[in-house]
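Just below is one structure, and these are the notes that go with it.
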Amino acid sequence: MGSRLLPLALAAAALAAGAGGLGGLELWLGLLAVPAAAAAAFVAVSDALDGRPALLRAATSGVALALVVLASAARENAPTGAAVSPLATWALLIALLAYSVPLVAWVLEPVRVPRSRAQRRLRSAEVDELLSRAA
C-alpha cells in the first residue's frame, strides 16, 4: 500500500517553499508530488473497487491529484522571473484541503458503543438441575 501522507507532505512543502520565495524548489516539490499523488489515488481507487470502505478517500485523492497537476502545470508555464500565478497557489491549497477531508470525516465519525448483553437469570429449577449434574 502506498503512503497517503507523502503527497500531502510534498504539496505542503511546495506551498511552504512558494510562501518562502523559493520558486525553484516549489516547482520541483510540486513535480515530485504528482507521481506520489497519482500513486495514492490509484491505491485508493483500487481499495474502493476491492470493496473496502475507501470511496471518500478515492474521490478526494482523485480531486487532489487533479489539483496538484494543475498547480504544477501553472507553475511550469509561468515566465522565468515572473510572479507565480495565484492559480498554482490556490490549487495546492485546495489539494491540501482535499487530502484532509478523510481525516476530518474520520474524526467526526460517531463512536459506536458496544451494547452489553443482558445476562438472563437462572430459575431455581435450572439451578437445581445444574447442581445435580455437577454432583
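The values are calculated or read from the model by the stated rules, or taken from the named source; none is laboratory data. Note that the structure is predicted; figures quoted are calculated from it, not measured. Here the Cβ is made from the backbone with ideal geometry for all residues, glycine too, and neighbour counts use every protein chain on show.
Details
- Qualifying positions in the stretch 79-135 - farther than 30 Å from Ser61 by Cα and either touching a Ser or Thr at 6+ places or on another chain (Cβ under 7 Å) or in a helix (DSSP H, G or I) (or both): Ser124, Ala125, Glu126, Val127, Asp128, Glu129, Leu130, Leu131, Ser132, Arg133, Ala134
- Residue count, the stretch 50-77 (criterion: small (Gly, Ala, Ser) and touching a residue at least 12 places away in the same chain (Cβ under 8 Å)): 7
- Matching option when the condition is surrounded by 14 or more Cβ atoms within 10 Å (Cβ to Cβ), out of contact with any Pro (no Cβ under 6 Å at 6 or more places or on another chain) and at pLDDT below 90, among Gly51, Gly81, Gly62, Gly23: Gly23
- A residue that is within 16 Å of Ser3 (Cβ to Cβ) and surrounded by fewer than 18 Cβ atoms within 10 Å (Cβ to Cβ) can be found somewhere in the stretch 97-117.
- The listed residues are Ala37, Ala12, and the only one of them that is surrounded by 21 or more Cβ atoms within 10 Å (Cβ to Cβ) and either of a type in the set (Lys, Arg) or at pLDDT 90 or above (or both) turns out to be Ala37.
- Single condition Val43 does not satisfy, out of (1) at pLDDT below 90; (2) farther than 24 Å from Leu22 by Cβ; (3) touching a Gly at 6+ places or on another chain (Cβ under 9 Å): (1)
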